[in-house]
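J.: Structure below; questions to follow.
Every read-out reported here was derived from the displayed coordinates using simple, explicitly stated rules and does not represent laboratory data. Computed from a prediction, not measured in an experiment: that's the story for all the values here. Please note: Cβ atoms are built from the backbone with ideal geometry, for glycine as well, and neighbour counts cover all protein chains shown.
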Amino acid sequence: MNAYIEIESLRSLISQNKDDRYYECMRMLKRNLNLNFSFSKEEARADHAIEIWVKELSTGAISEKPKWESDYPNQYDELSLQDMTLEKLCAVYLLDDEEPQHLANAMLVSHFGHELDTLSRLFVKTDTQEFELQQSPRQIANWNSLSEYIAQCSDILLADRYILSKRSMLRKNLYQIINALVKKSRDVCISIVLIVESKSVDTSIDLNDVSDTIKENVKSIVGMAPNVTFMLCSPHEGTPLFHDRLILTNYRAISSGDSFNYFREDGRINTGGFGITISSLAKNCTYVKDQVANTFLLQLGKEIPYALIKGDRKSNFLKFS
């Protein structure tokens, strides 16, 4: 994952070294994030505190060497989702701005003085600085508890061939899952894509009704209705349909061995699966980062020409023609 850092925000971060979160975030910068500084190495050397910080950064570092004089983001422009690549969509930004940018409602974009707050949200459990969490259905109890472990997002991709297989399951599963995923976002139009097996959709389900319900729910939480797209997939040319059950947002991947239809209409547990794994995309050298965020998205992109696409056809993860 990339981190884009401006010079005043770095000075502010260094000044917070007495905060309990500082050294865990420093370790994350060393080991997990690819650093892109907006200033030159010469400017860093001219500031004694930054020079010492950079030397400390290189001690025991695992990530790539920092890149200097990054011209992204443009310091004179607001960050925009327009034409944003995947690596920038899933990046963290420590900017010199005195006030938060609008995109901070959907992505981890810090303004001056809030650097540790922003970096800490890359952890799944911020109190213990963990990148991954496994939970059984009983621990989850209901999908509302998911909101504790997520970060704000501009995009949600939910791939589960059976998530629309029973109309009676929607209220306790799909709708609650999406409500939990958007709870940290405000005043942004989130793009939601549901990827399902076409033949597994309950014939009594009206996709327009599902879309309207999602939009109404999300608008009540976020302040804006989302884009909702359905990608109805079928096997083709000898290629088997995807098996993985996955939720992907800008900073989280949530995987399940069983369909996300964990709960019956009365709230009782419906699944026989062991549970879910919630992972931060910030952690290097993991199955989630290497396979989910790259291979799986590439695979889904190849499915688009063969799938039936309905709805708003909007996503920053996938490109619909």
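J.: Give me L133, L122 sorted ascending by neighbouring Cβ count inside 10 Å, so fewest comes first. Numbers along the way, then the final one.
T.: Numbers: L133 18, L122 24.
Placing the least packed residue first, the sequence is L133, L122.
J.: Report the local net charge at D244: Lys and Arg +1, Asp and Glu -1, summed over other residues whose C-beta lies under 13 Å from its C-beta.
T.: -2
J.: Compute the normalised compactness of the stretch 162-273: alpha-carbon radius of gyration over 2.2 N^0.38 Å, N being the residue count.
T.: For the stretch 162-273, the normalised Cα radius of gyration comes out at 1.08.
J.: Another question, if that's okay. Regarding the chain, what is the average projected area of its C-alpha convex hull, in nm²?
T.: Numbers: hull surface 67.4 nm².
Value for the chain: 16.9 nm².
J.: Next question. Counting only DSSP beta bridges with both residues in the chain, what percent are antiparallel, rounded to the nearest 5? Numbers along the way, then the final one.
T.: Numbers: 24 of 46 bridges.
Expressed as a percentage, antiparallel bridges in the chain total about 50.
J.: Counting Lys and Arg as +1 and Asp and Glu as -1, what is the net charge of the other residues whose Cβ lies under 13 Å from the Cβ of D77? Spell out each step's value before the answer.
T.: Values: positive: none; negative: D71, E78, D83, D97.
Local charge sum for D77: -4.
J.: My understanding is that a pair violates if its Cα-Cα distance is over 28 Å; which of K215/K283; K172/K319; K88/K302 do that in this structure?
T.: Working: K215/K283 32 Å; K172/K319 30 Å; K88/K302 22 Å.
Pairs exceeding 28 Å: K215/K283; K172/K319.
J.: Exposed loop trypsin sites (Lys or Arg not before Pro) only (DSSP loop, at most 14 other Cβ atoms within 10 Å): please give the longest stretch of the chain free of them, not including the sites. Don't skip to the answer; put the middle values down first.
T.: Numbers: sites that count: K18, R171, R268, K319.
Counting at most 14 other Cβ atoms within 10 Å as exposed, the longest clean stretch of the chain is 19-170.
J.: Which one of F39, V54, S15 is farthest out on the positive end of the charge dipole of the stretch 2-120, using unit charges on Cβ (Lys, Arg +1; Asp, Glu -1) and the Cα centre as origin?
T.: Final value for the positive-end residue is V54.
J.: Calculate, for K310 and D20, the FRET efficiency according to 1/(1 + (r/R0)^6) with r their C-beta to C-beta distance and R0 56 Å; round to the nearest 0.05.
T.: Values: r = 48 Å, r/R0 = 0.86.
So, using R0 = 56 Å, E works out to roughly 0.70.
J.: Further question: Summing Lys, Arg as +1 and Asp, Glu as -1, what charge do residues with Cβ under 10 Å from the Cβ of K166 carry, K166 excluded?
T.: On the way: positive: R167, R264; negative: D202, E265.
In short, 0.
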